[in-house]
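Before I ask anything, let me first share the structure, which is written out below as structure tokens.
The values are calculated or read from the model by the stated rules, or taken from the named source; none is laboratory data. These numbers come from a predicted model, not from an experiment. Cβ atoms come from the backbone with ideal geometry, glycine included; neighbour counts cover every protein chain shown. Accessible surface areas use protein heavy atoms only, side chains included; no ligands, DNA or RNA. Shrake-Rupley method; radii C 1.70, N 1.55, O 1.52, S 1.80 Å.
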Amino acid sequence: MTLAGRHELPGARRLVVKVGSSSISGDGAHRIAPLVDALATAHARGTEVVLVSSGAIATGMPYLALDERPTDLATQQAAAAVGQNVLIYRYQEALRQYAIVAGQVLLTAGDLENPTHRSNARRAMERLLGLRILPIVNENDTVATHEIRFGDNDRLAALVAQLIGADALVLLSDIESLYTRPPGEPGARPIRDVAHGDDLSGYEFGSVVVNSVGTGGAATKASAAKLAADAGVGVLVTSADLVSDALDGADVGTWFAPNPAPAPSGFTGAVRTGVAH
Ligand code: GLU
């Protein structure tokens, strides 16, 4: 179905929610419980929910006695390998009270451009959803590093939403909405709605942010949102603290209206960004 606006999110048939590293690891770990509460509420309404969660590296850091995000890729991958299972454990613990079972799905952009892998991934996700299991997706960091380097899973979430024909994608971060310029700069205004076909080139989203826990920022969110919206998926960009309001259809965040007539193949995204893996 094509959603007419953010107020229709409670009626979504299939929903992808993406949360970034800083929102749910380290000092943000307390947000796992309210996030899971909101997902469980949507699940109870009958919505099929997929969570795309980063945070493997950040969650793994203390187990490797690291105070800061490692700078070399191999150690980032090692931290991700350790942190991923702790992260899934935390989600499963929070989901238990709702009798919801989580299923871990690790994917790469390359998987999504290989026709066999792509249809395998789609079939597995369909079955998980049919079984009322909550798939929790992350990049498979031991074999791919695109999201570590560029997007903290924003792009992966857009590709997953497209792959499974979701009605909507909710990209959660630490700001309430996208802004016309970096928030805090003079003249920065929140962007409430982006119509299909709107030109975003007049806005300044800044460059990809790499902070102590994750990567990403407004630029990767805007480009992932556009990718999904062009494929017919409505996208809401808002803060993790507002997830419950957002899934209830409140007037929060930046809404990217879906393309009403997306390409029929159902998978139009250029999977790679031309950067060597
Ligand atoms: N897949 C990575 C993770 O879960 C991506 C996020 C990042 O850049 O930290 O940690």
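Within region 5-53, track down each residue that is under 19 Å from P135 (Cβ atoms), open to solvent by 50 Å² or more (accessible area, probe 1.4 Å) and part of a helix (DSSP H, G or I).
D37, T41, A44
How many residues are in contact (Cβ under 8 Å) with a residue 24 or more places away in the chain, open to solvent by less than 40 Å² (accessible area, probe 1.4 Å) and more than 10 Å from the ligand (Cβ to nearest atom) if we restrict to region 60-75?
Of the residues in that region, 0 qualify.
How many residues are more than 10 Å from the ligand (Cβ to nearest atom) and without any contact (Cβ under 8 Å) to a residue 40 or more places away in the chain when one looks only at region 79-90?
Residues meeting the conditions: 4.
Pairs under 7 Å by beta carbon, first residue among the small types (G, A, S) in region 217-231, partner in a helix (DSSP H, G or I) and open to solvent by 20 Å² or more (accessible area, probe 1.4 Å), six or more apart or different chains?
Pairs found: A224/R155.
Every residue, every condition in (1) open to solvent by 10 Å² or more (accessible area, probe 1.4 Å); (2) under 16 Å from N211 (Cα atoms); (3) within 11 Å of the ligand (Cβ to nearest atom), yes or no:
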residue: G55; (1), (2), (3): no, yes, yes
residue: Q77; (1), (2), (3): yes, no, yes
residue: Q92; (1), (2), (3): yes, no, no
residue: R118; (1), (2), (3): yes, no, no
residue: M125; (1), (2), (3): no, no, no
residue: E139; (1), (2), (3): no, no, yes
residue: V143; (1), (2), (3): yes, no, no
residue: R149; (1), (2), (3): yes, yes, yes
residue: A161; (1), (2), (3): no, no, no
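State whether the residues of region 105-116 include one that is open to solvent by 10 Å² or more (accessible area, probe 1.4 Å), away from the ligand (no atom under 16 Å from the Cβ), closer than 16 Å to L156 by Cβ and free of Cβ contacts under 8 Å to residues at least 40 places away in the same chain.
yes
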